[in-house]
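Asker: Please find one structure pasted underneath; my questions will follow.
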């Protein structure tokens with residue numbers, strides 16, 4: 001329950017049906033504190049990020065259908081103003097500043113979740129060498145609640161979330177930066193963490209100057225990796241090199257990206273590539289410039305596109321192709337903590353909610 005006054009209506013950005021335009025409504029209902037179920041909490045939003053996934057959810061162009069009507073958004077930061085009655089052992093309390101991410105809630109039991117956390121903690125001295133845990137609750141839960149997709153998300157002033165899945169935000173850490181870390185940051189952090197690399201290895205980041213890419217450069221550097229950044233334009237080149245990329249390739253100017261990467265890596269190729277772009281071409285090239293035993297991390301989701309890997313060279317070079325899906329509770333905590341320590345800087349622009357319609 002809550003002693004904080006909570007309004008009955010709020011401003012929210014709503015998609016009435018799949019493919020319909022976004023409507024900013026001033027009279028969208030707010031869930032009352034007494035209507036919260038055990039384990040639920042009500043959060044007053046400070047800010048929310050906007051992600052390309054939000055566009056997919058609104059357009060309905062993924063193979064999975066989003067709920068409608070839908071309040072999108074899945075990277076918000078706010079203050080807990082109410083917790084459902086009969087909630088036991090809540091890790092958060094009213095007044096806490098917390099983050100809401102894509103994974104809003106999962107059906108994984110507490111023992112499974114704790115096992116994953118303990119297993120991860122064993123290797124936190126080298127967090128990016130963590131083996132892939134088959135019992136990871138994010139991986140096994142097929143009935144997960146997803147913010148802004150199958151449950152309403154953060155494009156509103158008050159949002160219902162779940163006490164066991166919200167992410168505590170460290171004191172002093174910028175709320176606006178934290179919002180972006182909760183999606184883009186967690187996504188690339190997890191991908192790098194499972195990229196089967198070690199300090200000193202080469203990693204290629206197509207789209208390195210973008211929202212996910214500029215964070216990936218920094219998380220890769222924290223892991224001790226050598227970064228080859230691929231993007232285009234003088235501004236992005238400057239950004240990528242300032243953030244720690246060791247080498248830069250402009251895909252519009254380089255006549256042979258595969259040959260260039262092989263040259264940079266003494267003829268062997270890169271150890272890994274984390275592809276975050278929404279273009280399938282980034283995946284096709286990666287198979288060619290990875291060295292034997294290299295790992296392709298599949299992150300970007302270009303709609304209904306397929307990944308066509310040459311079977312012979314994938315086998316001949318022993319290439320691993322791993323899908324990496326956002327991140328779980330432990331990934332989020334680690335990604336936020338690294339950024340809060342000042343090791344990752346997030347660049348963002350502030351816009352009013354009304355601009356979502358544009």
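Asker: Check residue 189 against each of (1) crowded, with 24+ Cβ neighbours inside 10 Å; (2) modelled with pLDDT of 95 or more; (3) in the same structural domain as residue 28 (by TED's automatic domain parsing) and name the one condition it does not meet.
Answerer: (3)
Asker: Now for a separate question. Out of 286, 273, 278, I need the residue that is touching a helix residue (DSSP H, G or I) at 6+ places or on another chain (Cβ under 6 Å) and assigned by TED's automatic domain parsing to the domain that holds residue 314. Which one?
Answerer: Unique residue meeting the criteria: 273.
Asker: Any chance you could count how many residues in region 17-57 are in contact (Cβ under 8 Å) with a residue 60 or more places away in the chain, farther than 13 Å from residue 159 by Cα, out of contact with any helix residue (DSSP H, G or I) (no Cβ under 7 Å at 6 or more places or on another chain) and part of a strand (DSSP E or B)?
Answerer: Summing the residues that are in contact (Cβ under 8 Å) with a residue 60 or more places away in the chain, farther than 13 Å from residue 159 by Cα, out of contact with any helix residue (DSSP H, G or I) (no Cβ under 7 Å at 6 or more places or on another chain) and part of a strand (DSSP E or B) in region 17-57 gives 1.
Asker: How many residues are part of a loop (DSSP other than H, G, I, E, B) and within 24 Å of the chain's Cα centre (by Cα) if we restrict to region 288-339?
Answerer: The total comes to 14.
Asker: Follow-up question, since we're still on this one. Please specify each residue of region 193-208 satisfying the condition of being touching a strand residue (DSSP E or B) at 6+ places or on another chain (Cβ under 7 Å) and within 18 Å of residue 298 (Cα to Cα).
Answerer: 194, 195, 196, 197, 202, 203, 204, 205, 206, 207, 208, listed by residue number.
Asker: May I ask you to verify whether residue 323 is over 30 Å from residue 47 (Cα atoms) and exposed (fewer than 15 other Cβ atoms within 10 Å of the Cβ)?
Answerer: When the stated conditions are applied, residue 323 does not pass them.
Asker: Could I ask something else about it? Looking at region 332-358, I want the residues that are without any contact (Cβ under 8 Å) to a residue 24 or more places away in the chain and have a partner that is surrounded by fewer than 12 Cβ atoms within 10 Å (Cβ to Cβ) with Cβ atoms under 6 Å, at least 6 apart or on another chain. Which pairs are those?
Answerer: Filtered contacts from region 332-358: no entries.
Asker: Considering only region 4-16, state which residues are touching a residue at least 12 places away in the same chain (Cβ under 8 Å) and either touching a helix residue (DSSP H, G or I) at 6+ places or on another chain (Cβ under 8 Å) or not in a strand (DSSP E or B) (or both).
Answerer: Matches in region 4-16: 4, 6, 7, 8, 11, 13, 15, 16.
Asker: Which of the following residues is in the same structural domain as residue 176 (by TED's automatic domain parsing), farther than 20 Å from residue 183 by Cα and touching a strand residue (DSSP E or B) at 6+ places or on another chain (Cβ under 7 Å): 82, 37?
Answerer: After applying the criteria, what remains is 82.
Asker: Starting from region 83-101, keep only residues that are on the phi > 0 side of the Ramachandran plot, then list their pairs with residues that are modelled with pLDDT of 95 or more and in a loop (DSSP other than H, G, I, E, B) whose Cβ atoms are within a distance under 8 Å, requiring at least 6 positions of separation or different chains.
Answerer: As it stands, the answer is 86/38, since those pairs meet every condition given.
Listed here are the residues, each with its yes/no results for (1) closer than 20 Å to residue 199 by Cβ; (2) crowded, with 20+ Cβ neighbours inside 10 Å.
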residue	(1), (2)
237	no, no
246	yes, no
261	yes, yes
269	yes, yes
272	yes, yes
279	no, no
288	no, no
293	yes, no
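The values are calculated or read from the model by the stated rules, or taken from the named source; none is laboratory data. Owing to the predicted nature of the structure, the values given are computational and were not obtained by experimental measurement. As a convention, Cβ positions derive from the backbone with ideal geometry for all residues, glycine included, and neighbour counts pool all protein chains shown.
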